[in-house]
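Enquirer: Pasting a structure below so you can have a look.
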Amino acid sequence: MQEKINKGVKNMQEQEIIALINSRGAFISENSKANAELIAYVDCETNEVFETSAKIKWEVSDKISLEDIKRFKIYHLKVKDLGENTFLLIDILQKDVKNALLENTLKECEQNASVTVEEPNLGKFILDKTTKSLHSKLKWLSEKEEIDVYLNIDEDNRINTLKKVGAFFITLEKVFKDKKDWDKKLKTYAAEHLADLATELRKNSKSLFKFLKVWKWYFIGKMKLVSLAVETDGEIVATFDDRKLFLGHKIIVRANVDKNEVSSAIVENFNIEDYKKIEVSVSETEIKEDNKEE
């Protein structure tokens, strides 16, 4: 019994810890108290490291505000152990503490943590560290039409991403400011350069309309934008669903926003010679669709 009492007294005593804050940073909980969760902490008395999801909590005041505790930062804190892996924060003794043990833990966390970048007019983008690009889904010409947007920044960490992302957002904003014009411009260019290829492919099909030309207006009507990639120096790459114009092969159109010009249009992984060897069957649905639109 005495041992339990002594342990309880010890838990309520003030102590000092070196704490590494997790990716969420400080936040207000349901009971209106400020909270922050830890990745790990060092007991200053024993120098023992605890890798745990312990948390600290405190009343927001002029002494300790919500902004005083930030994500992925290391602090020297005075706390009271409340039990159940929870500390009451009494005071912040030092910010941005140098601690080799926790800094190594921090490096591992930063490498594994997701990086989110938000632009007020465009929304949130999440960094894909494998492809080194920021990704988001944005509305295109209507609320129902959503496309994948990629910013190909060629970086896999937060600091370099933030340094470079501004120029990519500028290019993307230019596109979305005149998205109807860009949609028309990209589709028209593709139709002018690829409609004859679609006609040649149709000639090799079993469709009742195999001898009819694929007109540019029909080609444009078929195209549907599915993704937009922003690259360096104002370059963009638009990927369109061909909707059976090329039997499922995507249409790729490149343009430069700064120069306001479209530079190329190709059919992805498509070679017309591959389809001259055999007749391509067309479904009844496609035949009815052709009949309706032509």
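The values are calculated or read from the model by the stated rules, or taken from the named source; none is laboratory data. These figures come from a predicted structure and were not determined experimentally. With ideal geometry, Cβ positions are generated from the backbone for all residues, glycine too; neighbour counts draw on all protein chains shown. The area values use the complete protein model at the heavy-atom level, side chains included, leaving out ligands, DNA and RNA. Shrake-Rupley method; radii C 1.70, N 1.55, O 1.52, S 1.80 Å.
Enquirer: Being more than 15 Å from the chain's Cα centre (by Cα), at pLDDT 90 or above and within 30 Å of Tyr41 (Cα to Cα) is the requirement here; does Gln94 meet it?
Expert: Taking the combined requirement at face value, the residue satisfies it.
Enquirer: Six or more apart or on different chains, Cβ under 8 Å: which pairs go from a residue in the range 52-73 that's farther than 14 Å from Leu93 by Cβ and touching a residue at least 24 places away in the same chain (Cβ under 8 Å) to one that's open to solvent by 80 Å² or more (accessible area, probe 1.4 Å) and in a loop (DSSP other than H, G, I, E, B)? Could you list them?
Expert: none
Enquirer: Do we find a residue being open to solvent by 50 Å² or more (accessible area, probe 1.4 Å) and of a type in the set (Gly, Ala, Ser) anywhere in the range 64-83?
Expert: no
Enquirer: Now for a separate question. Of all the residues that make up the range 166-197, how many are over 30 Å from Trp217 (Cβ atoms) and crowded, with 20+ Cβ neighbours inside 10 Å?
Expert: Qualifying residue count for the region: 1.
Enquirer: Next up: Can you name the helices (runs of 4 or more DSSP H) wholly within the range 155-236 that have at least 2 residues being within 17 Å of Leu141 (Cβ to Cβ) and in contact with a strand residue (DSSP E or B) (Cβ under 8 Å, 6 or more places away or on another chain)?
Expert: Once the helices (runs of 4 or more DSSP H) in the range 155-236 are filtered for at least 2 residues that are within 17 Å of Leu141 (Cβ to Cβ) and in contact with a strand residue (DSSP E or B) (Cβ under 8 Å, 6 or more places away or on another chain), what remains is 158-177, 179-203.
Enquirer: Right, here's the next one. Taking Ile126 as the residue in question, decide whether it is open to solvent by 70 Å² or more (accessible area, probe 1.4 Å) and at pLDDT 90 or above.
Expert: yes
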